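I have placed the structure first, in the form of structure tokens, so that the comments after it can refer back to it.
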Amino acid sequence: MIGAPPPAREGSPRVPGGAYAGSRLLAVSGSDDDLFGPEHVRVYRETGGERGYEWRGTTILLLTTRGRRSGEPRTTPLIHRTDGGRWIVVASKGGWPEHPVWFLNLEADPEATIEVLDEEIAVRASVAEGEERERLWKLMTEVWPAYDEYQQKTSRQIPVVILSRR
């Protein structure tokens, strides 16, 4: 967090390591770079992306898909870049042999929503192919070089996903 949290509102206790958002106290980790998984989603949403959007030298969006089996909404924080009004994400799963669950959910239903800072946007997902995939892969490895390492760890071609406004 940059600077100190704002002073406590009357009747609101100050908790070390916390920050105030409206009348709610947010319990957060010491650095946005430490955010991960559900905590990242919670902090991002509670602060409208003021916390959690910038992460480890990258920018993060929240992708919400519909569970292909449960039908329930599932939200995942993902590194992204923009390309001509579209948002680009990579289905790397750290180089594991199988695709991440969020990607499988998009295969079943390509309509999803993203949150970029405090804006919620309805999107449709598609997978980049051929020369476009190569161009977008390079765009993504500029900000997260580990994607190249992940690709070397797996025999599957890691999908580059394009999220276009609906």
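Just so you know, all these numbers are worked out from the coordinates, no wet-lab data involved. Computed from a prediction, not measured in an experiment: that's the story for all the values here. Backbone-built Cβ (ideal geometry, glycine too); neighbour counts: all protein chains shown.
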Checklist outcome for this item: Counted neighbours (other Cβ, 10 Å), sorted fewest up, put 93, 138 in the order 138, 93
Checklist entry - Put a dot 7 Å past each Cα toward the Cβ at residue 166 and residue 153; how far apart are the dots in nm? => result 3.3 nm
Item to check | Rg/Rg_globular for the range 91-133, with Rg_globular taken as 2.2 N^0.38 Å and Rg from C-alpha atoms | outcome: 1.34
Next on the checklist: Quick check on the exposure proxy: order 70, 92 from fewest to most C-beta atoms within 10 angstrom.
Outcome noted: 70, 92
Next on the checklist: Which log10 I(q)/I(0) values does the range 57-165 give at q = 0.18, 0.22 Å⁻¹ under the Debye formula, counting every alpha carbon as one identical point scatterer?
Outcome noted: -0.87, -1.30
Next on the checklist: Could you tell me how far the Cα centroid of the range 29-80 sits from the Cα centroid of the range 86-129, in Å?
Outcome noted: 13 Å
